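The values are calculated or read from the model by the stated rules, or taken from the named source; none is laboratory data. Since the model is a prediction, treat every value here as computed from it, not as a measurement. Positions of Cβ are generated from backbone atoms using ideal geometry, with glycine treated the same way; all protein chains shown enter the neighbour counts. We work out accessible area using only protein heavy atoms, side chains counted, and drop any ligands, DNA or RNA first. Shrake-Rupley method; radii C 1.70, N 1.55, O 1.52, S 1.80 Å.
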Amino acid sequence: MTLRALLLSLSVVAGGHAAALTVAGSADGAGPDARIAGFVVSAYGQPIQELVSVPITGGRFSLEIPTTVPPARAQTTLTPRNVTWPGVIDPVTVSAPVQSAELKFFVYRDTNANGHRDETEPMREAPPTSGPASLFVTWVSSDVTVTASKGYSATLVRGWNAFLVEVGRAVAVRPFGDDQVLRVRVGR
């Protein structure tokens, strides 16, 4: 095997789950200096760390979620007892023990124009939607399937995963694609 072939095969193995996830759409009601940010959150939904943010320009945004592993303090062991994802109702099954973390979206005014949120800059949760479905973004340490009542079924691969979840008589979970445009409503 030549060195070039070896390097190519190593890059394919290393990059198997490294595809970046892009979240793009429109933001209704965003004022001047507004930024949209993805924060990793605690198991209770409290923001821990800003992972990515971009300015909202002309009412539009495009965030590329980094392929980085979330900080350890944001990770929890995923068990049937602690799955609090949108649309998940008991009984819940988790196919394998994995670490997981959740990413939520917030909007804030970057009043000092430094490109990230400071303690003095209030923020508001701004969940992206596509029609009646909500975007859910989570990271897992290895492949896992989560199932629950009303037809909930999500198969996740190691790394960041995004789903559109629509809750009704049944729960529809479908993979989110980069070509799907989202809407964020920013309260004043």
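In region 114-162, the portion of solvent-accessible area held by carbon and sulfur atoms comes to 49 percent [1.4 Å probe, whole percent, DNA, RNA and ligands not counted]. Each label was represented as a point 7 Å from its Cα along the Cα-to-Cβ direction; for residue 72 and residue 93 these points are 3.3 nm apart.
Here r is the Cβ-Cβ distance between residue 124 and residue 22 and R0 is 25 Å; the resulting FRET efficiency, rounded to 0.05, is 0.65. Within region 100-117, list the residues whose amide N lies under 13 Å from a label point set 7 Å along Cα→Cβ of residue 79. No residue qualifies, since no backbone N sits under 13 Å from the label point.
Can you give me the accessible area per residue for the chain, using a 1.4 Å probe, in Å²?
Accessible surface, normalised per residue, equals 54 Å².
Gain on full extension, evaluated as 0.36 nm per residue between residue 142 and residue 179 minus their Cα-Cα distance, stands at 10.8 nm.
Contact order for region 22-90, expressed relative to its length and based on alpha carbon pairs under 8 Å spaced 6+ residues apart, stands at 33 percent. Computed with a 1.4 Å probe over protein heavy atoms only, the accessible area of residue 57 comes to about 100 Å².
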